[in-house]
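Following: one structure in structure tokens, then a few remarks.
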Amino acid sequence: MIKKVESKEKMKIQTVINGKSYEKEVEPRKLFSDFLREDVGLTGTHVGCEHGVCGACTVLMDGKAVRSCLMFAVQADGTKIETVEGLVNNKTGRSLKAAFSEHHALQCGFCTPGILMSSVEFLNENPQPEKQEIKEMLSGHLCRCTGYTGIVEAVQQTTDGNSK
Amino acid sequence: MTDKIGHSIRRVEDARLMSGEGSYVDDLEPFANVHHAAILRSPYAHANIKKINAEQALTMEGVVEVLTGEDILEHTKPFPVGVSEPINYYSMAVDKVRFVGEPVAVVVAKDRYLAEDAVDAIKVEYEPLDAVVDIEEAMQHDAPVLHENIGTNIANQRFYDYGNSDKAFEEADMVISHKFNFPKYSATPVENYGVIADYTSSENQYTVWSNFHGPFTLHTVMSAALNVPSNQLRLMVPKDIGGSYGIKSGMFPYIVLMGVAARKAGVPVKWTEDRQENLLASSSGTDRVTWIDAAVNKDGTILGMKMKMVDNVGGYIRAPEPASLYRTHSNTLGAYKIKNLQMETVAVMTNKSPTGLIRGYGGQQLYFPLERMMQHIAKKLDMDAAELVEKNLIPSDAFPYETPSGGIYDSGNYQKALKTALDTAQYNEFRQKQKEAWKKGKYLGIGLAAIVEPSGSNMGYVTVALTPEEREQSLPKSGCAEGATVSIDPRGSVTVRISTVPSGQGHETVAAQIVSEVLNVEADKVKVIAEMDTATNPWSVASGSYSSRFAPIGSSAIYQAAQKVRNKLLRIAEHQLGEPFQHLTIKNGRAVAEEDETKQISLKRLIGTAHWNPVDLPEGMEPGLHESAFYTISAAKAPAKDDTVNGSVTYGFVADVVTVEVDPDTGEVEILDYVTVHDAGKLLNPTIANGQILGGLAHGLGGAMYEELAYDDNGQLLSGSFMDYLCPTATEVPNITIEHQETPSPLTPLGAKGLGEGNTMSAPAVIANAVTDALTPFDIMIDDLPLSPDRIWRKIQEKKRVVVKEEF
């Protein structure tokens, strides 16, 4: 059922983020990335382009990697969200983080949260990927520090099950 | 444990950055009641502003204030610039706009959404003027003039004559000439600019957080523009910056603009640049036209070069520009023992966005023509390019080597590094493979580049933009100073405060490594504070991260401060043990007499004495353990009267060999292998060093093949989003082999030189050389970039007939 929302009128949304339930009033035009950073205070999700190319704002919505800058907050109503802050409770996430550090897969760290989130989803769907598949997954992300070499190695190591 | 320097310890920065606990500027709320700014930008490249009507905007929900050029005129002065022409550059357009994206009005509102709503309601009446974007057109006498008070678009022009070029050109067997175009591209860190400004009216005090990372000479420029004493502009930088690669180290007009916004609105103001704003109007490298003449003998000896290089600095000249023209002044002839050089440098203003530093600053603009020219000369002489390069390289026994323009190359062994590169890439074998491939209609190519990588800029180099007479009017500029503080608190914890303002280079890690080695404590016990605060940090005009200066300069300041603390501890030990200072060392948490280890005292006790019991300190010693050191290198002298200057303190070397395959039907280039050999002296942390190289190489790859801020003739930006401005992704980065050679610098205490910019400088040249080589049967000349398929395809189509010589 479609309900007309007046300009500046707020809508109530309910979402579970990193296992914690939130109920918030938001304007329908508010981007989900801004909602996470400004309304929920989870500043680990970064905004790099706001047109869906750089991938820095990637989060998991019901387990799927999505670009939070290409979504409105109201679209997250009733969903389960995982952000980089929640990876501490995610086994694949913890392994990836250890591998990223080992392979110097991050420098400034700004793109890293989004890359970690996409990698978690990718490895959940595809536990034994080829190197080329890893590169193709990463091609949805811009990193201007590392030249990607360390990131590819880190994801590859996590698939091989070599990490702690 | 005593050998922490030179090892690849894990980065201390990683854990917080992977937990969402980094502190980037947009994450901060350093003041209460922060409001948000949005900027109205010019849709015209060149126009007079007739009228701005913000009445409606001011009535809109949440809007606190609207600023226009009038406010800027009232509260600021033009930014000082490093050229003699009186260019009026303000943080916002005051009467006319000179590039698309130039700020025209600022709205301050309760949040960014409301601020952007109000921006849409501001009405501006423009009178459009003819625009000029092309370098050569802008220099014509009938070109539209951007700055009427100057009457020309030329902001800076100098002529230099080193050695005896006229004689060299007379004596040479031949002169080979060509013109090269280098495009405008940027660095696009994934984090855009961010500024949070506060103004305390009772103290006339500006406090501004931003992700600007030096050089802090620009603090002078910004405080002068705000028309306040420099201690009334307090600049602060959070410990995490989401990348920069140079563009956050040019002067930030937004620091001044948001300072004035906070002042007029009476609330703290936060502004975060969006990506469109970043591509339109932040900063970029310069496009450059270079004309080169080379005086060459038939045997391949190059006797001299004449170069005219013209940089496009955009609508205004913004400090530290025109430094792009001069950053490589001392190493204009690269790795070659050429003795004679004539040079003309010109900076022109056009209706493109203003420029500044990007990784490689000036190096890629220099080496693309120079290294392309080497291949071109080899071809004209029917020599192999590797042979020509090798023949002209500076020999290993010539160091320290003084270049004609005054550079002093501190150390190196270029032949050895080149040989490593050629052997690793299997140069000769590839030549065989190539001949076979050509016969089969497959176009394989191999290219090389041999470049000198300057690091640790001399603050004086920028002043060669002025004539010797102009320079004499003011204090000479020299040096490359950096400061650091090392302290030990009463419980024995070690803290290091640095002013190198890292943006991902791992300075916290390497600083901890250095201090842990000097004080013989574990690196993970050393806390490094990387936040910058001009009110409290030990900093110099040269502080910041640019010109790859951490390894030669920043690390040396840290090392020196740690040595001061160590010496103080050992002086206390001398006093307490009665053993001479020079016999003492630090081991396992104790000061120990090297010859008689029974004489020892715990560091804990020494530290305790300094803090809790200063009366037992040696006569005259100050209490506490808190030592700052400032470090510079005397080789960074002011430019001489003859215009020679040593623009950098250390000079590394990079030899690249790249193999490609080109599809002649589509013009598509595939890089098969990229071999790069680096000599950056002693490596402080090899993993971090390789990370810097890989990042710089990917940026160089972008410049070579993908990235361009393209404009149409009216000055409209054509690549204003990441759908049009293409950055390399993981699938574009080729196989890369890195080899190191470590010839220590004799000038730095740890023997280190800078690195990380080398391949940004070399990649466009080496890839273009490889592509040209692959297309030898078509006899094409690559003299412009990027190497997009359409550009290469057109060059192939221009050749009517393919001639494959039997002897290939």
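Tabulated values for the structure
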read-out	value
Enumerated strands (runs of 3 or more DSSP E) restricted to the range B:580-642, each holding at least 2 residues that are more than 44 Å from the chain's Cα centre (by Cα), free of Cβ contacts under 8 Å to residues at least 12 places away in the same chain and farther than 20 Å from B:Ala562 by Cβ	B:596-602
Flag for A:Ala65 being surrounded by fewer than 24 Cβ atoms within 10 Å (Cβ to Cβ), closer than 30 Å to A:Gln14 by Cβ and either touching a strand residue (DSSP E or B) at 6+ places or on another chain (Cβ under 9 Å) or in the same structural domain as A:Thr146 (by TED's automatic domain parsing) (or both)	yes
Only listed residue being under 30 Å from B:Thr217 (Cα atoms) and at pLDDT 95 or above, chosen from B:Ile122, B:Ile52, B:Ile87, B:Ile72	B:Ile72
Scope the range A:80-104; condition away from every other protein chain (no Cβ under 14 Å) and either surrounded by 17 or more Cβ atoms within 10 Å (Cβ to Cβ) or part of a helix (DSSP H, G or I) (or both); matching residues	A:Lys91
Scan of the range B:480-529 for residues that are in a loop (DSSP other than H, G, I, E, B) and surrounded by fewer than 21 Cβ atoms within 10 Å (Cβ to Cβ), ordered by number	B:Ala481, B:Asp489, B:Pro490, B:Arg491, B:Gly492, B:Ser493, B:Asn520, B:Glu522
Test: residue in the range B:160-168 that is within 14 Å of another protein chain (Cβ to nearest Cβ) and not in a loop (DSSP other than H, G, I, E, B)	no
Flag for A:Gly109 being free of Cβ contacts under 8 Å to residues at least 24 places away in the same chain and within 12 Å of chain B (Cβ to nearest Cβ)	yes
Among (1) in a loop (DSSP other than H, G, I, E, B); (2) more than 17 Å from B:Pro354 (Cα to Cα); (3) more than 14 Å from chain A (Cβ to nearest Cβ), the one test that B:Leu709 misses	(2)
Scan of the range B:637-668 for residues that are surrounded by fewer than 20 Cβ atoms within 10 Å (Cβ to Cβ) and among the hydroxyl-bearing types (Ser, Thr, Tyr), ordered by number	B:Thr666
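Residues are listed down the side, and each one gets a yes or a no for (1) buried (at least 21 other Cβ atoms within 10 Å of the Cβ); (2) within 14 Å of another protein chain (Cβ to nearest Cβ); (3) assigned to a helix (DSSP H, G or I):
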position	(1), (2), (3)
B:Ser8	no, yes, no
B:Ser19	no, yes, no
B:Gly22	yes, yes, no
B:Ala32	no, no, no
B:Ile39	yes, no, no
B:Tyr44	yes, no, no
B:Asn48	no, no, no
B:Lys51	no, no, no
B:Gln56	no, no, yes
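A quick yes/no check of all residues on (1) touching a residue at least 60 places away in the same chain (Cβ under 8 Å); (2) in the same structural domain as B:Asn392 (by TED's automatic domain parsing); (3) among the polar types (S, T, N, Q); (4) out of contact with any strand residue (DSSP E or B) (no Cβ under 9 Å at 6 or more places or on another chain):
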position	(1), (2), (3), (4)
B:Phe430	yes, yes, no, no
B:Lys433	no, yes, no, no
B:Lys440	no, yes, no, yes
B:Gly445	yes, yes, no, no
B:Ile451	yes, yes, no, no
B:Leu466	yes, no, no, no
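The values are calculated or read from the model by the stated rules, or taken from the named source; none is laboratory data. What you see is a predicted model; the values in this text were computed from it and never measured. Heads up, the Cβs are rebuilt from the backbone with ideal geometry, glycines too, and the neighbour counts pull from every protein chain shown.
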